[in-house]
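Please read the structure below before turning to the comments.
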């Protein structure tokens, strides 16, 4: 698929099937998907861009799940390396469009497609704005500059930061932690440099707050959107399963619950 191919609409049927599959797939690999209580998914008003940091291969999957859970009546699409899209063309039916990375042609493609999406009703853009994998603690974030140019070209649009982090707490499997920004960034007649600085600072603030919550390791600070499979493994949990069976209790495979009931 060429990077300048016409923009295709995602397939609702394929999106629904992908959501069902990805929920199960994610639950097999993570203990939970948690969203910060003080950074919940916002109500959308007008042309919207979600821009996230890029710590992991999982980021597009997490963003797709979040959008399908909270904004199923919106159409969101996002950029992907044109080479990757050519290799996996079915990703285009999920809403991804190809761009040539680090090229003037790719930059023009991103701006043109972004403008087309933001001009349509209940349609938005979702992207990992760093353009490469990077640790959540890296400062400065060094976002790609295309997003600030897109906001200048679309003054009615606003960009909402989305902080992502993957951490191990008490379970064998890691947690996905998510925090949405509460202060969207828009052009407001400013220069691209000023917008770019605001984009970076806004996402950094959300990442810093998410890091504080991750260090605290308090599940009560989050709403759980998706629960995976806790415990160490079926065989290792067998003595505790039998103990619960003999007591007529429901078995909870989580590490904390087994520790409380081991005596």
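The values are calculated or read from the model by the stated rules, or taken from the named source; none is laboratory data. None of the values given here were measured: they were computed from a predicted structure. Cβ coordinates were reconstructed from backbone atoms using ideal geometry, including for glycine residues, and neighbour counts include every protein chain displayed.
List of remarks:
- Residue count for segment 83-141 satisfying the condition of being surrounded by 14 or more Cβ atoms within 10 Å (Cβ to Cβ) and on the phi > 0 side of the Ramachandran plot: 2.
- Residue check, residue 110 at pLDDT 95 or above and more than 26 Å from residue 7 (Cβ to Cβ): no
- Odd one out for residue 56, checked against (1) closer than 22 Å to residue 150 by Cα; (2) assigned by TED's automatic domain parsing to the domain that holds residue 182; (3) touching a strand residue (DSSP E or B) at 6+ places or on another chain (Cβ under 7 Å): (1)
- Residue in segment 107-130 that is part of a loop (DSSP other than H, G, I, E, B), within 18 Å of the chain's Cα centre (by Cα) and either farther than 17 Å from residue 58 by Cβ or in the same structural domain as residue 146 (by TED's automatic domain parsing) (or both) present: yes
- Residue check, residue 164 within 20 Å of the chain's Cα centre (by Cα) and surrounded by 23 or more Cβ atoms within 10 Å (Cβ to Cβ): yes
- Residue in segment 134-141 that is outside any loop (DSSP other than H, G, I, E, B) and at pLDDT 95 or above present: no
- Output for segment 68-84, where each listed residue is modelled with pLDDT of 90 or more and either in a loop (DSSP other than H, G, I, E, B) or more than 18 Å from the chain's Cα centre (by Cα) (or both): 71, 72, 73, 74, 82, 83
- Sole residue being over 25 Å from residue 135 (Cβ atoms) and either touching a helix residue (DSSP H, G or I) at 6+ places or on another chain (Cβ under 6 Å) or modelled with pLDDT of 95 or more (or both), chosen from 192, 201: 192
- With respect to the conditions (1) modelled with pLDDT under 95; (2) assigned to a loop (DSSP other than H, G, I, E, B), residue 42 falls short on a single one, namely (1).
- Lone unmet requirement of (1) modelled with pLDDT under 95; (2) more than 28 Å from residue 20 (Cα to Cα); (3) surrounded by 13 or more Cβ atoms within 10 Å (Cβ to Cβ) for residue 253: (2)
- For segment 13-52, the set of residues classified as in the same structural domain as residue 172 (by TED's automatic domain parsing), touching a helix residue (DSSP H, G or I) at 6+ places or on another chain (Cβ under 6 Å) and over 17 Å from residue 164 (Cα atoms) consists of 47 only.
- In the set (1) under 16 Å from residue 47 (Cβ atoms); (2) touching a helix residue (DSSP H, G or I) at 6+ places or on another chain (Cβ under 6 Å); (3) part of a loop (DSSP other than H, G, I, E, B), residue 156 fails one condition alone, (2).
- Whichever residue in segment 159-179 is in contact (Cβ under 8 Å) with a residue 60 or more places away in the chain and outside any strand (DSSP E or B) and, among such residues, is nearest to residue 114 (Cα to Cα): 174
- Total residues in segment 59-97, condition more than 25 Å from residue 45 (Cα to Cα) and in contact with a strand residue (DSSP E or B) (Cβ under 6 Å, 6 or more places away or on another chain): 3
- Of 184, 174, 140, all but one fail to be in the same structural domain as residue 119 (by TED's automatic domain parsing) and under 16 Å from the mean Cα position of the chain (by Cα); the exception is 174.
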